[in-house]
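Report on the following structure.
FYI, it's all coordinate maths here, none of it is from the lab. Keep in mind that this is a model prediction, so the values were computed, not measured. Neighbour counts are summed over all protein chains in view; Cβ atoms, including those assigned to glycine, are modelled from backbone coordinates with ideal geometry.
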């Protein structure tokens, strides 16, 4: 049994599945599969989400699919109605909009607030000391690192200031996600918590609950 994850970038495709599995597998009677499907950025994901979701949910192997989960960075897409300005308003609108658009009971949509790098900020000790000591106080609540300077931009600026080079999302992100404690990120990132809680519920409903 497996999840299908729709993602918009290389880091989410390569590094995040194993991170999510570490949290989920500890709570299930057998390891769960996570297959990531990478799109070329958010415009393609938004345009093809409905068609691709139904290919997996109605195809020959649909019985093996627990659910299709799409994940977009909140920062970046220009899809939001003008009256949706806050993170909460945009998340609520996007989740309702995409789940209604796909219209399948085994499809869920989530946002990374404001980028998946927020999950890394939940554990500052992962970074070199000169980076960690310059992280702003708001990283105690990583998802509040916001539209003005989202997590990936913050990290890039700090790496340039202290290392003289850019933050390489795929290379560094893969290394950091391999070390990140999912329990720490779960406790500090409410949107990540909601994603993992729903994936766990869906997996248990699919028969993967631990035997009592």
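Beta-bridge orientation, the chain: approximately 5 percent antiparallel, per DSSP, counting only bridges with both partners inside. In plain terms, the chain from residue 18 to residue 38 could stretch by 5.7 nm, reckoned as 0.36 nm per residue minus the Cα-Cα distance.
On the basis of the beta-carbon distance and an R0 of 25 Å, residue 47 and residue 198 show a calculated FRET efficiency of 0.55.
Both the radius of gyration and Dmax for region 1-123 are 14.5, 45 Å, in that order, over alpha-carbon atoms. A crude spin-label estimate for the pair residue 96 and residue 129, with each label 7 Å from Cα along the Cβ direction, gives 5.0 nm. Using the Cβ-Cβ distance between residue 89 and residue 140 with R0 set to 22 Å, the FRET efficiency from 1/(1 + (r/R0)^6) comes to roughly 0.40. Site pair residue 55 and residue 175 shows an inter-label distance of 3.5 nm when each label is modelled 7 Å from Cα along Cα→Cβ. Only helical runs count toward this figure. For the chain, summing -39,500 (n - 2.57) over DSSP H runs of n ≥ 4 and dividing by all residues gives -14000 deg cm²/dmol at 222 nm. Taking other C-beta atoms within 10 Å as the exposure proxy, 110, 177 rank 110, 177 from fewest upward. Roughly what angle does helix 151-163 make with the longest principal axis of the chain, taking Cα atoms, 0 to 90 degrees, to the nearest 10? It is inclined by approximately 30 degrees.
How high is the FRET efficiency from residue 168 to residue 148, r the C-beta distance, R0 22 Å, rounded to 0.05? According to the calculation, E is roughly 0.45.
Relative to the longest principal axis of the Cα atoms of the chain, the long axis of helix 41-57 lies at roughly 20 degrees. Ranked from largest, the principal axis spans of the Cα set of the chain equal 51, 45, 25 Å. Considering only alpha-carbon pairs that sit under 8 angstrom and 6 or more positions apart, the relative contact order computed for region 1-159 is 21 percent.
Separation of region 146-203 and region 67-119, taken as the distance between their Cα centroids, equals 17 angstrom.
As a proxy for reagent exposure, 174, 70, 122, 62 were ordered by neighbouring Cβ count within 10 angstrom, fewest first; the result is 62, 174, 122, 70.
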